Structure formats: structure tokens, C-alpha cells
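Asker: My structure is below; once you've seen it, I'll send some questions.
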Amino acid sequence: MIISIASGKGGTGKTTLAANLAVALRNIEPEVTLLDCDVEEPNDHLFLSPTFTRTNEIWAEVPDIDTKLCAYCGKCQEICQFNAIAILPELALTFPELCHSCGGCFMVCPENAVRSGKRLLGVVEEGSRGPLQFVQGRLRVGEAMAPPLIRKVREAAGGDGLTLVDAPPGTSCPVMAALRGSDFVLLVTEPTPFGLNDLELAVGAVRILGIPMGIAINRSDLGDDRIRKFAGKEKIPLLMEIPFDRRVAEAYAKGELLVEVLPEWREKMLTLYDAICRVQGGCGNGHNGREGSQ
Amino acid sequence: MKELVIISGKGGTGKTSIVGAFAALARRQVLCDADVDAADLHLLLSPTVVERHDFRAGHKASIDPERCTQCGDCLERCRFGAISPDLVVDPLQCEGCGVCHHFCPAGAIDFPESLCGEWYFSQTRFGPLVHARLGIAEENSGKLVSLVRKEARRMGEENHADWLLTDGPPGIGCPVIASIGGASAVLIVSEPTVSGLHDLNRVGELARHFQVPALVCVNKADLHWDGARQIDAHCRSAGYAFMGYLPFDADFTRAQVEEKTIIEYNQGPARDAVVALWEKVVRALQASDVGV
């Protein structure tokens, strides 16, 4: 079961919900893994302070042309759609940062002159916080392509257990890479013109992927009722409303987990999970009767 | 003409509200929304679209079942998992590399250019705006960012503008890299949170990598003054010019709901803080010799 938390607009509270849900659920579900797929700006670790046990460098395969073998025929330049190779009469230039690792140049070279080089995309770091498994990607600063690194983080989704995915903002390829294969998407938004505009785009992206979704409205009292109206019109379940609370903002600012400093947040997270499970239908069967457990 | 690009690393720190306010304060300016993935500046500026252009970039493969001999060569070659076992291309997974198209022995794979979005020349009450809309789930956001910036710059030069104010995307990846190259400076809008500081570090490093001078301000500073001052101190040690603090103020949200900038909304403390910030940014940019 994979639940992704996404938003369209940045700064609406994805990380807050992902990290707090993960910590609240780790005693409810037998196996919980949180994947931070916002590899450009991964923030969950700031709240979880996990113990990291493994770091894997992730590399993209790029061409490295052996000039002793190269006949300067230009076939590699021709097949490359990304302008990563320029062949001049006596000079073969590669621009590894533009390469998408499609392998076309390796396949097309008649002289076998294209050798396998590599470019560092970033790292995937694995760790845990108590029973919670945690994996994050960290894009190398200066690297443009997030999706291949995001796909590597997604490979760590824990088989039969519950996986939560903290997705990047926006609606383009990094978001699609993070959301693909999810069983449910929780869209976190705020009731403002920017929040609604970006929510509409995010809903479009989730619909293309055909994944069931629900909406959480953060700072629900700062703005108006445009999100509620939109959710009603589009028949997307509204799963949670979180009014602005200065204590929440301050705890977030300091890097504190709300479920630890504001006890009512634990119950809020369990209620949200129940709501997700009711809509999604495939999770949350293992904790009936937990109402009395707080 | 000076190009100031407003970025943040972390999303939701207030970039667009600040760009809107600067648009209201600047003179002889051209505006550019380079957050093509989730563009919001138009919601404050209510632009009238003057020209609308298709944005075509890259190609997508498509297998013609009539010509296909089911040999499966494409399936073996595709590194993006974009071809299903029954030999249909998923356009969302297709990277547009053309390898399948090039090698298909039956010549059964078409490779048309794809329509990825639209871009616009518009007029607003604060001057011309160049903006865009990337199709949902589309690629090539970096190319679209480069395009709108180039067009905005051209318009600025034609109009003899003094300022090009560009609203940047969040993060540090492809569209951000395309947003900042060659700019006079970036203004990084941070917030006094552990995430704000963490993300400021990464996007600041990116600006340094591309040799663009970085200015920094802290929005919502009064939510956590210790954190705000920590960012100020960090800027001193990292060599970023610190431009000051803005308050957490629900007037920013109220102004947005009324589709106004904070400058037009009222005469409150948030407006005063933004005016002071703009004046400081102008001085910082005039003191340096960097132009576009």
C-alpha cells in the first residue's frame, strides 16, 4: 500500500503531514516506510532525525568517446535528441550534464568508440527512526534531472507494508515520477487563489495517472471556501481541514514533530489515516478498536 | 536592465506575493513568470493576453500497429520502461530519445514533435508580462523557462526597461537552473524554519555554482525570531547579502484573495516592510555593476 502526499503548490504542508503520519502510524501498522521524494529539497529528515545506515551514490550513464577508435562519422550526434554530443571533423565533444542516458549513442556507434562514463545524480540515503524505515534522495546541487533519482528512491517502497511518499511540488515530470504506482494520493492545499490554481493542476496530474485521491486543506481559516467548493464540484473527498495554529507554525519552525509536542495531533493523524482508508478501501484493516488506545 | 529572479528553494515562502509587490513598486519594468509548472503570478496581475503561442519541444514515440511486425526490438532498447509488452508507448514515460524510432526494422515508429504547453505576451496594470503554462505532466520545463526569459528580456530591451522581475520556481532542479543563469541577481525568499534554512543553503549553493549573486530575505520572520536571526547570521558567513525581514501577516492572504498585491491592498505594516525590502534590493543592485 503506497500513499503519496502531494500538492501542486509548495509550502502547503506536505512534509508536515508525511512526517507526522509516518510517526503516528508506525505503532499501528506492522511496517511503515517513509520515502522523501522531494529530492531537490528533502526536508523530512529535519523532523525525523533518523539514523542513517546506508548511502548509495546514484549515477547516470553518459557517453565517453574513445578518440582512438572514433571515426568522427557523427552518427551519435545525430541520434542524440538532447544535444549532449557534438562531433567536429577532428574533435568529439560530450556534454554529460545534458545526457538523458537513453543509450542511443552506444547502440549506434559503428566503431564501438562510445564508452560508458558516468555523472553523479545524487545520493539515496537509507535509515530508520525506531520502527519507522526512512529513505530519502538528495539531488546533487547543480544537477538538473530529478526524475531518475526519484525513481531510485521509489524502488525502496516496502513490499507488503505501508509506504508513505513525500512528493515534490509542481505537476511536471518529477511529480509524476514520485506519484506513479501509488494507491492513493493525498493533496495538501490552502484555501487561496494560488492554492486552488495549483490544486487544479495537481488533480489533473493525478487523474492522468488514474489514482484515487483526497484533499486536506491546511490553514483552512486563512482564505475563503474556494477549495471546499472545488472539491464538491469535482467530487473529490475532503479528508481534513487544519485551521491556522501558531503553535503548529512554531513547532514546525523548530523542526519538532507535532505528534510529539501537541498530543492531539496523534489522534488527528490516525483520523486522517482512517479517512484515507475509507476512501481507498485497501488499508487500515489492522487497527480496529484503536480509539481507546490514546 | 537588471534582471532580478525571485527564488526560494523551499516552496510556499512567499515568492509570488513579493514579485507582485515589486511589480507594483518598480518603474519601467517587464515581468516574467518562470514558474511554468505552477504559475500563479497572473492571479495577482490579472493579465490581458495579447499574444498566445504554442510551446513545442521534444518528441514522443508512437508505434503504428499497422506497420509493426511485433519483433520487440523497441522493447529491448527502451531504457525508460515506456513500451508495454504488447508494444504500445506510454507517452508519460517516453523520454523522447528516439532510440526506438531510429532502430525499428519495420520503420513502424513515428516520432512527432510534441505540444508541451503555451506561452503568452500579456499586458498588466504594472507593465508587460511574459508567462506560460506547461501542460500537466509534461517535460521540458527548463526549455520553456529559458524561452519565457528570453522573450521577456527581448521585450525589456525593446522597451528600454530598467527592470526585469522574474518569478522563479521552487527547488534546485532543471527549471530553477534555467531560471537563474545570467541573471543580475537572485533574491532568495527564505522563512525562519529548519526547512527554510536547509533549502536556502542548497539553492544558495546553486546560485554560487552558476555565479549569480544572491540576496536573501526572511519572510514570516516573527513566527520564529531565533530562526530568522540564524538565517541573517548564516548569510553573513556564506557571503549572501541580507536584505531584511518581512512579517507573517494575514494581509498577504487577504490581498491575494482580492487579486491585489500587498502594495495596493492597504497601508499596513506588511506593505511598509515590502517597500523597505524593495528599496534595499534596488540599492544593492545599483551598487553592483551587474547588468543583463
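Asker: Please compute the average number of Cβ atoms from other chains found within 10 Å of each residue's Cβ in peptide B:186-199. Walk me through the numbers before you get to the answer.
Answerer: Values: counts 0, 0, 0, 0, 0, 4, 4, 9, 9, 12, 4, 3, 6, 7.
Per residue, the average neighbour count from other chains is 4.
Asker: Based on alpha-carbon positions alone, could you give the equivalent ellipsoid semi-axes of the range A:141-294 from the gyration tensor, as √(5λ), descending, whole Å?
Answerer: Numbers: eigenvalues 116, 90, 69 Å².
In descending order the semi-axes read 24, 21, 19 Å.
Asker: Return the FRET efficiency for the residue pair residue B:272, residue B:53: r is the Cβ-Cβ distance, R0 is 56 Å, and the value is rounded to the nearest 0.05.
Answerer: Details: r = 40 Å, r/R0 = 0.71.
Approximately 0.90, to the nearest 0.05.
Asker: With each pseudo-label sitting 7 Å past Cα toward Cβ, what's the residue B:28-residue A:225 distance in nm, one decimal?
Answerer: 5.0 nm
Asker: Can I ask one more? How big is the C-alpha Rg of the range B:61-111 next to the rule-of-thumb value 2.2 N^0.38 Å, as a ratio? Intermediate values should be presented prior to the final figure.
Answerer: Values: Rg = 9.3 Å, N = 51, 2.2 N^0.38 = 9.8 Å.
Ratio of Cα Rg to 2.2 N^0.38 Å: 0.94.
Asker: How big is the charge dipole of the protein assembly as shown about its Cα centre, in debye rounded to the nearest 20, if each Lys and Arg gets +1 on its Cβ and each Asp and Glu gets -1 on its Cβ? Kindly include the intermediate steps, with their values, before the conclusion.
Answerer: Details: 58 positive and 76 negative charges, 128 e Å.
Approximately 620 debye in magnitude.
Asker: Same structure again: May I ask you to work out the translational diffusion coefficient for the range B:111-163 at 20 °C, viscosity 1.002 mPa s, via Stokes-Einstein with Rh from the Kirkwood sum over Cα pairs, reported in whole µm²/s? It would help to have the intermediate numbers written out before the result.
Answerer: Numbers: Rh = 12.3 Å.
This corresponds to a translational diffusion coefficient of 174 µm²/s.
Asker: Per residue, how big is the convex hull around the C-alpha atoms of the range B:196-236? Give it to me in cubic angstrom, could you?
Answerer: Details: hull volume 2.5 nm³, N = 41.
Value for the range B:196-236: 60 Å³ per residue.
Asker: Antiparallel versus total DSSP beta bridges in the protein assembly as shown: what percent is that, nearest 5?
Answerer: Numbers: 46 of 98 bridges.
The antiparallel fraction comes to roughly 45 percent.
Asker: Using a Gaussian network model of chain B whose springs link C-alpha atoms within less than 10 Å, name the residue from B:132, B:270, B:185 with the highest mean-square fluctuation.
Answerer: B:270
Asker: What translational diffusion coefficient, to the nearest whole µm²/s, does the range B:84-144 have by Stokes-Einstein, given a Kirkwood radius computed over alpha-carbon pairs, a temperature of 10 °C and 1.306 mPa s viscosity?
Answerer: Values: Rh = 14.5 Å.
The calculation lands on 109 µm²/s.
Asker: Can you run the Rg to Rh ratio on the range B:163-282? Use alpha carbon positions and the Kirkwood inverse-distance Rh. Walk me through the intermediate numbers first.
Answerer: Details: Rg = 14.5 Å, Rh = 15.0 Å.
Using Cα coordinates only, the ratio equals 0.96.
Asker: May I ask you to work out the translational diffusion coefficient for the range B:154-197 at 10 °C, viscosity 1.306 mPa s, via Stokes-Einstein with Rh from the Kirkwood sum over Cα pairs, reported in whole µm²/s? Don't skip to the answer; put the middle values down first.
Answerer: Working: Rh = 12.6 Å.
Estimated diffusion coefficient is 126 µm²/s.
Asker: Quick one: which residues, 5 or more positions from residue A:118 or on another chain, have an amide H under 5 Å from its amide H? H modelled 1.01 Å from N in the peptide plane, none for Pro or chain starts.
Answerer: A:62
Asker: Now for a separate question. Taking only the C-alpha atoms, wrap a convex hull around the range A:67-112 and report its volume per residue in Å³ as a whole number.
Answerer: Numbers: hull volume 3.0 nm³, N = 46.
Taking the convex hull of the Cα positions in the range A:67-112, it is 66 Å³ per residue.
Asker: Quick one: which residues, 5+ away or cross-chain, put their amide H under 5 Å from the amide H of residue B:135? H built at 1.01 Å from N.
Answerer: Here the answer is B:117, B:118, since their amide H atoms fall under 5 Å of that of residue B:135.
Asker: Please compute, for the alpha-carbon atoms of the range A:102-163, the extent along each of the three principal axes and give them in descending order in Å.
Answerer: 54, 29, 15
Asker: Here's a follow-up. Given labels modelled 7 Å from the Cα in the Cβ direction, how far is it in nm from residue A:156 to residue B:90?
Answerer: Each label point is offset 7 Å from its Cα along the Cβ direction, giving 2.2 nm.
Asker: Oh, and also: Scattering from the C-alpha atoms of chain B alone, worked out with Debye: what is log10 I(q)/I(0) at q = 0.07, 0.10 1/Å?
Answerer: -0.32, -0.59
Asker: Okay, moving on. Relative to the longest principal Cα axis of chain B, at what angle does helix B:141-158 sit, 0 to 90 degrees, rounded to 10?
Answerer: Around 50 degrees separate the two axes.
Asker: While we're on this one: May I have the extent of the alpha carbons of chain A along their three principal axes, as whole Å values ordered from largest to smallest?
Answerer: Principal-axis extents of the Cα atoms in chain A, largest first: 74, 42, 35 Å.
Asker: With each run of n ≥ 4 DSSP H residues scored as -39500 (n - 2.57), what mean residue ellipticity at 222 nm is computed for the protein assembly as shown after dividing by its residue count and rounding to the nearest 500 deg cm²/dmol? Numbers along the way, then the final one.
Answerer: Working: 22 runs with 209 residues, N = 586.
Only helices count here, giving -10500 deg cm²/dmol.
Asker: Next question. Suppose the Debye formula is applied to equal point scatterers at every Cα of the protein assembly as shown; what is log10 I(q)/I(0) at q = 0.13 Å⁻¹?
Answerer: -1.42
Asker: Search the structure for amide H atoms under 5 Å from the amide H of residue B:3, placed 1.01 Å from N in the peptide plane, and list their residues when 5 or more places away or on another chain.
Answerer: B:164, B:184, B:185, B:292
Asker: Quick one: work out Rg over Rh on the C-alpha atoms of the range A:1-150, Rh as Kirkwood radius. It would help to have the intermediate numbers written out before the result.
Answerer: Numbers: Rg = 20.6 Å, Rh = 17.9 Å.
Using Cα coordinates only, the ratio equals 1.15.
Asker: Name the residues of the range A:215-247 whose amide N is less than 17 Å from a point 7 angstrom out from the Cα of residue A:267 along the C-beta direction?
Answerer: What the label zone holds, given the 17 Å backbone N cut-off, is A:240-243.
Asker: Accessible area lost on pairing A with B, both sides, 1.4 Å probe, Å² to nearest 100? List each step's numbers first, then the result.
Answerer: On the way: alone 13930 and 13850 Å², together 22790 Å².
Using a 1.4 Å probe, the pair buries roughly 5000 Å².
Asker: Using the Karplus curve 6.51 cos²θ - 1.76 cosθ + 1.60 with θ = phi - 60°, what ³J(HN,Hα) values do you get for each residue of the range B:99-105, in whole Hz, with x for Gly and Pro?
Answerer: The phi angles translate into 5, 4, 4, 5, 8, 3, x Hz.
Asker: Follow-up question, since we're still on this one. Taking θ as phi - 60°, what are the ³J(HN,Hα) couplings along the range A:17-23 by the Karplus curve (6.51, -1.76, 1.60), each to the nearest whole Hz, with x for Gly and Pro?
Answerer: 5, 4, 5, 6, 4, 4, 6
Asker: At 7 Å along the Cα-to-beta-carbon direction for both residue A:64 and residue B:110, put a label point, then send me their distance in nm to one decimal.
Answerer: 4.1 nm
The values are calculated or read from the model by the stated rules, or taken from the named source; none is laboratory data. Note that this is a predicted model, so its numbers are computed, not measured. Counting neighbours? That spans all protein chains shown, and the Cβs are built from the backbone with ideal geometry, glycine included. These accessible areas exclude ligands, DNA and RNA; they are computed on the full protein's heavy atoms, side chains included. Shrake-Rupley method; radii C 1.70, N 1.55, O 1.52, S 1.80 Å.
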